[in-house]
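A.B. asks: Mind looking over this structure? Questions follow.
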Amino acid sequence: MNAIINEIKNPYPHLFSPLRVKNLIYRNRVVCTPMGTVPTHTILSSTDYGTVSAYDKALGGSAMMNMTYHGSQRTKTFELCGGNPFDKYEMDIIREQLSVHKAGGALCSFGIAFPWHYEGVLYTPSGRPFAGRKAEKITSDIIWKQLDMIEEKCRKVKEFGFDSLIADLSCDTMITQFLAPGFNDRDDEWGGSFENRARAGVEFIRRARKAVGSDFVIELRMSAELFMPGSYTFEELCKFVGMVKDEIDIMNIMVGMDEYHEASVKMCPMIFEPHMGNIKYAKKIRELYPDLLINLCTGIMTPEEGEYIIANNIADLVTYGRSLNADPYWPIKAQTGHADDIVPCIRCNQCYNAATRHFNTACSVNPRYRRENRVPLILPKTECPKRVVIIGGGPAGMKAALTAAEKGHHVIILEAQDKLGGHLNIADKGKYKGDLRRYHNYIEHQIEKSQVEVRLNVRATREYLKNLEPDVIIIAIGAEPKTLKYETDNSIKVYQVTDWLKENYELGEHIVVIGGGSVGCEEALTIADDAGKKVTIVEYGDILAPNGNDLYKAGLYQHLDAQENLTQLTNSRFIGVKDGCVEIERKGEKQKIPADTVLLSVGFQTDTDAVAEFFGIVPATYYVGDCKNVATIMEANNEAYFIASSIG
């Protein structure tokens, strides 16, 4: 590494300082992680350039774009499944993808891994099933043939014009499985001792260096820990790095696996995990191998966090993932003094098809994500400005207002409360809501900066609306908490969870939460974790948080199960309160739970009568968000955007 004098002044001087690695110059320290989509996963409103939203991310100011081969419609197979990016007819596709990735002046690396498949057969080191799929035990002969193919692919990475090579030995790759004793019970040269388990990985790196020569940058990407039974230890990972350090230039540190949800929530952490969780691994690698450059990945969400990591010499590069889905242009915004305009990621993982099973994969805060061919980067100004009145200043109302204002319409928000935010004002409270708070602050700040007129403490009526003479009405009045009928002798304080969050009522030492949806579970976890109180969740259904995506539930369950002072009761019906106890019926039997506080969290309901009151005033009347269907921020934001952007 050679130091480069940096005379550019910006709020994040370390994060946006140049870095020279051999013959490459990174213009800053921001790296865009590869997020690809297998071509069989058709995305109607986007073009597959090898990385999701690659077109925007390439122009957004990152220093390095990472790219992997996820196949094409012709092959319908990606590299881990045996596909070859440098097949004759694939190279036209790769060439255009490379051009897109470099369009904004970023460097572009290419990832090569050890495939799971060979000649159409799925292999694992020991023939054990992989993520529930049947596999055969890979033979030594096939291992050597795969290594020959890897060497040739690495050679072509350099030849094709990529700037560096990613040796991807992370997550679920075959090398990871060879290293992990729980996945590898071989007794030949590829198993048993650590040296034997490491052999395939060491040979991979040796072949890669041989293929690209001494002057080409190789970055090794590995999971510090897999968070699965039978994983290798971090100490073994460090030992492996020591075995190959002289052949690599950069160590990319991540964690977890992709195919197993319990490990995937560490690789792509939800709100229950801290930001920058991999710092401890980077510090140890730095201590052991001070001459090795480090690229730190996972749970790094803001420019402030990247600045901290680089300024404190924890790492030399920082890889960002979901934050670049939320706002692909945040690096430019950050270094030009517009960090307040960065759209924050709320770590919901709706952008990750492994979490959603393709049911509703999208970004909660960026409607352009995976829709670049449908959603323009900048909305065209209308030639006929209209008077748009929005009833309700919650997330859907604010998004609709900003979108309509961007098109040039005159927008008025009528909000019944004394501040904007709607349910965000209570939903963003608690230790797990930092990401949501950042989004809440962001969108309110955007309203403040806009030309949107906000009228607080105004409860809309038909007469009030008619006096405004609107051309368009958008109803975004939200939903109200469901009420619950129950027996009570008033021996226990009972609050709606929304009222408790709003008023911060004092809790006792034994709390029962009625309703195990996302809100109930998150608040129960917060109370048990922060206050150390004894908490019981009573849920009528079979599972907790049934509407959460798969990774949300996996992360939530891990933290709920780890709380010794939290009890989870499903298939349980709340009867009422009597003699200082909560009475429930479970498995046909009545039970009593001693408690001094009960929080009701049984969901929300729309008020269709209230919505209907505002129809019939003007033809262009719409309703969005929770007042239409109680849903998520993703659904509210996306629906509000498309309705507001369609106003001519």
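A.B. asks: Over region 431-540, what percent of the accessible surface lies on carbon and sulfur atoms, probe 1.4 Å?
C.D. replies: 44 percent
A.B. asks: Also, I was wondering about something else. Debye calculation, C-alpha points only, no solvent: report log10 I(q)/I(0) for region 311-408 at q = 0.24, 0.25 Å⁻¹, in the same order as the q values.
C.D. replies: Result of the Debye calculation: -1.36, -1.38.
A.B. asks: Okay, moving on. Starting at 0 and stepping by 10 Å, how many percent of the alpha carbon pairs of region 201-240 end up in each bin?
C.D. replies: Taking every Cα pair in region 201-240, the percentages come to 25, 43, 26, 6.
A.B. asks: Rg and Dmax in Å for region 562-631, alpha carbons only: what are they?
C.D. replies: According to the Cα coordinates of region 562-631, Rg and Dmax are 20.0, 56 Å.
A.B. asks: Exposed loop sites here are chymotrypsin sites (Phe, Trp or Tyr not before Pro) in DSSP loop states with at most 10 other C-beta atoms within 10 Å. What is the longest stretch of the chain lacking them?
C.D. replies: Looking at the chain, 360-648 is the longest stretch - no exposed chymotrypsin sites (Phe, Trp or Tyr not before Pro) with at most 10 other Cβ atoms within 10 Å.
A.B. asks: Ok, one more. Is region 264-378 best put as rounded, prolate or oblate by its Cα gyration tensor, with a ≥ b ≥ c the root eigenvalues, rounded for a/c under 1.5, and otherwise prolate when a/b is larger than b/c, oblate when not?
C.D. replies: oblate
A.B. asks: Right, something else. I need the per residue convex hull volume for the chain, using only the alpha carbons, in cubic angstrom as a whole number.
C.D. replies: Each residue corresponds to 170 Å³ of Cα convex hull volume.
A.B. asks: Between region 128-178 and region 203-236, what's the alpha-carbon centroid distance in Å?
C.D. replies: 11 Å
A.B. asks: Still on this model: Note down the nm distance, to one decimal, between modelled labels 7 Å out along Cα→Cβ at ALA103 and at VAL458.
C.D. replies: Each label point lies 7 Å from its Cα, and together they span 4.1 nm.
A.B. asks: Work from the charge dipole of the chain (Cβ charges, +1 for Lys and Arg, -1 for Asp and Glu, about the Cα centre) and give the residue of TYR552, GLY532, VAL30 farthest towards its positive end.
C.D. replies: Result: VAL30, furthest along the dipole toward the positive end.
A.B. asks: A follow-up question, please. What accessible area, in Å² to the nearest ten, does a 1.4 Å probe give for LEU566?
C.D. replies: Number for this one is 20 Å².
A.B. asks: Could I ask something else about it? Tally up the carbon and sulfur contribution to the accessible surface of region 208-338 as a whole percent, 1.4 Å probe, everything protein left in place.
C.D. replies: For region 208-338, the apolar C and S fraction of the accessible surface comes to 52 percent.
A.B. asks: Name the residues of region 25-67 whose amide N is less than 14 Å from a point 7 angstrom out from the Cα of LEU377 along the C-beta direction?
C.D. replies: Answer for region 25-67: 53-62.
A.B. asks: Show me, for region 375-390, the HN-Hα J-couplings you get by feeding each phi into the Karplus relation (A = 6.51, B = -1.76, C = 1.60, θ = phi - 60°), rounded to Hz, glycine and proline as x.
C.D. replies: Using θ = phi - 60°, the values come out as 9, x, 5, 10, 5, x, 6, 6, 8, 9, x, 10, 9, 10, 10, 10 Hz.
A.B. asks: In terms of modelled amide H atoms, which long-range or inter-chain residues lie less than 5 Å from the amide H of LEU122?
C.D. replies: Placed amide hydrogens put GLU136 under 5 Å from LEU122.
A.B. asks: Sticking with this structure for a sec: In whole percent, and with a 1.4 Å probe on the protein chains, what portion of the accessible area of region 342-423 is carbon and sulfur?
C.D. replies: Ligands and nucleic acids excluded, carbon and sulfur give 53 percent.
A.B. asks: Right, something else. Leaving ligands, DNA and RNA out of it, work out the accessible area of HIS510 with a 1.4 Å probe and give it in Å² to the nearest 10.
C.D. replies: 80 Å²
A.B. asks: Also, quick follow-up: With every protein chain kept in place and ligands, DNA and RNA left out, what is the accessible area per residue of the chain? Probe 1.4 Å, answer in Å².
C.D. replies: Solvent-accessible surface per residue comes out at 42 Å².
A.B. asks: Quote the accessible area belonging to GLU152 in square angstrom, nearest 10, computed with a 1.4 Å probe and with ligands, DNA and RNA left uncounted.
C.D. replies: Roll a 1.4 Å probe over it and GLU152 shows about 70 Å².
A.B. asks: At 10 °C and 1.306 mPa s, what whole-number value in µm²/s does Stokes-Einstein give for the translational diffusion of region 491-600, with Rh from the Kirkwood sum over Cα pairs?
C.D. replies: 114 µm²/s
A.B. asks: Report P(r) for region 88-196: all Cα-Cα distances, bin width 10 Å, range 0 to the bin holding the largest distance, values in whole percent.
C.D. replies: Spelled out per bin, shortest first, that is 13, 38, 29, 17, 4.
A.B. asks: Here's another thing I want to ask about it. Report the relative contact order of region 442-546, percent, no decimals, based on alpha-carbon pairs under 8 angstrom and at least 6 residues apart.
C.D. replies: Contact order relative to length: 20 percent.
A.B. asks: Whole-Hz ³J(HN,Hα) for each residue in region 421-429, computed from phi via Karplus 6.51 cos²θ - 1.76 cosθ + 1.60 with θ = phi - 60°, x for glycine and proline: what do you get?
C.D. replies: So the J values, rounded to whole Hz, are x, x, 5, 4, 5, 10, 5, 8, 8.
A.B. asks: Take ASN504, project a point 7 Å from its Cα along the Cβ direction, then tell me which residues of region 392-435 have their backbone nitrogen under 20 Å from it.
C.D. replies: In region 392-435, the label zone of ASN504 (backbone N under 20 Å from the point 7 Å along Cα→Cβ) covers 418-435.
A.B. asks: Only four residue types carry charge here, +1 at the Cβ of Lys and Arg and -1 at the Cβ of Asp and Glu. Report the dipole size of the chain about the Cα centre in Debye, rounded to the nearest 20.
C.D. replies: 1000 debye
A.B. asks: Let me ask something additional. About its Cα centre, how strong a charge dipole does region 557-648 have in debye, to the nearest 20, once Lys and Arg get +1 and Asp and Glu get -1 at the Cβ?
C.D. replies: For region 557-648, the charge dipole is close to 280 debye.
A.B. asks: If amide H atoms are built 1.01 Å from N in the plane of the peptide, which residues on other chains or at least 5 residues away come under 5 Å of the amide H of THR621?
C.D. replies: ILE473
A.B. asks: Top to bottom by accessible area (1.4 Å), largest first, where do ILE543, ILE584 land?
C.D. replies: My answer, sorted largest first, is ILE543, ILE584.
A.B. asks: Then there's this: Can you list residues whose amide H is under 5 Å from VAL577's amide H, if they're 5+ apart or on another chain and H is modeled 1.01 Å from N?
C.D. replies: Placed amide hydrogens put GLU487, THR488, ASP489, GLU583 under 5 Å from VAL577.
The values are calculated or read from the model by the stated rules, or taken from the named source; none is laboratory data. Quantities reported herein were computed from a predicted structural model and do not represent experimental measurements. All Cβ positions, even for glycine, are placed from backbone atoms using ideal geometry, and neighbour counts span all protein chains on display. Please note that ligands, DNA and RNA were not included when accessible areas were found on the heavy atoms of the full protein model with its side chains. Shrake-Rupley method; radii C 1.70, N 1.55, O 1.52, S 1.80 Å.
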